[in-house]
Amino acid sequence: SLEKIQAQTHTRRQLSELRVFSNISQAISLESDLTPLFETIHHQLESVMGELNSFAIALHEPKASAGQQAMIYIPYIYEEGRKLEIAPFPLGEGLTSILIHTRKSLLLSEDVEERSKELGAKVQGEPPKSWLGVPMIYGGDVIGAIIVQDVLRENRFTVEDERLLNTLAAQIAVVVRNARLLETTSRQAQQEHILNEI
């Protein structure tokens, strides 16, 4: 009976994941604006993983020239039922920066503060009880990360959750890169138009 229940639970999870992939693929094909897409991803993930008291999409902007610093932008972050605004910050020594440097997903299920210190990460504020982050990689470049955390419960995220986020990260990376290219092209066209008018 226990094996049967576990098999049914596993099957339900797989069906939920397939539904999420389908819904997000559909949103990707319809959305050109990233914010509504990030909201869709957030809500779709909650349909599989349960309510997330912290969900964020971080974007990595590598340094453009020798004098500039690589930066991390958080265009979408939702914590404890509210959307937050976080100013861009330099790529440094936090867990998100480690994720970007190592280019590998990171699952911290318990003793997050201690494990973070072991990794060389500096933790600011109250550390979460569980932390999961996966890099978004396109063409060999890390363009950002998807991060979920739980401030109340240890062992909140599983290897299955990590696998799900890794699969989604590859899809989202393509959309983010295309949106950036479109923005850059639009900016260049606008500059050329202004120059031609001058």
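The values are calculated or read from the model by the stated rules, or taken from the named source; none is laboratory data. None of the values given here were measured: they were computed from a predicted structure. No Cβ is skipped: glycine too gets one built from the backbone with ideal geometry, and neighbour counts run over all protein chains shown. In case anyone asks, the SASA skips ligands and DNA or RNA and just uses the protein heavy atoms, side chains included. Shrake-Rupley method; radii C 1.70, N 1.55, O 1.52, S 1.80 Å.
Which residues, counting only those in the range 99-118, are over 20 Å from the mean Cα position of the chain (by Cα), part of a helix (DSSP H, G or I) and surrounded by fewer than 16 Cβ atoms within 10 Å (Cβ to Cβ)?
Residues satisfying the conditions are Glu113, Glu114, Lys117, Glu118.
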>> Taking the criterion of being crowded, with 19+ Cβ neighbours inside 10 Å, at pLDDT 90 or above and in a helix (DSSP H, G or I), would at least one residue in the range 80-96 satisfy it?
In response: yes
>> Being open to solvent by 60 Å² or more (accessible area, probe 1.4 Å) and assigned to a strand (DSSP E or B) is the filter here; which residues of the range 68-79 pass it?
In response: Tyr73, Tyr78
> Any idea how many residues of the range 38-58 are under 12 Å from the mean Cα position of the chain (by Cα) and buried (at least 19 other Cβ atoms within 10 Å of the Cβ)?
Replying inline: 8
> Quick one: in the range 120-135, which of the residues that are more than 19 Å from Thr158 (Cα to Cα) and not acidic (Asp, Glu) is most open to solvent (accessible area, probe 1.4 Å)?
Replying inline: Gln124
>> What are the pairs with Cβ atoms under 8 angstrom where one residue, in the range 79-107, is free of Cβ contacts under 8 Å to residues at least 24 places away in the same chain and the other, located anywhere, is in a helix (DSSP H, G or I) and surrounded by 12 or more Cβ atoms within 10 Å (Cβ to Cβ)? Sequence gap at least six, or different chains.
In response: Ile98/Leu119
> Name the pairs: first residue in the range 145-168 and open to solvent by less than 50 Å² (accessible area, probe 1.4 Å), second residue in a helix (DSSP H, G or I), Cβ to Cβ under 6 Å, at least 6 apart or on different chains?
Replying inline: Ala145/Thr96; Ala145/Leu99; Ile146/Leu165; Ile146/Ala169; Asp161/Met49; Leu164/Glu17
>> Regarding the range 49-67, can at least one residue be identified that is at pLDDT below 90, part of a strand (DSSP E or B) and more than 19 Å from Leu132 (Cα to Cα)?
In response: yes
> If you go through the range 178-192 one residue at a time, do you hit one that is under 15 Å from the mean Cα position of the chain (by Cα) and open to solvent by 30 Å² or more (accessible area, probe 1.4 Å)?
Replying inline: no
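When only residues in the range 123-175 that are charged (D, E, K, R) and either farther than 25 Å from Glu113 by Cβ or not in a helix (DSSP H, G or I) (or both) count, which is modelled with the lowest pLDDT?
The qualifying residue modelled with the lowest pLDDT is Glu126.
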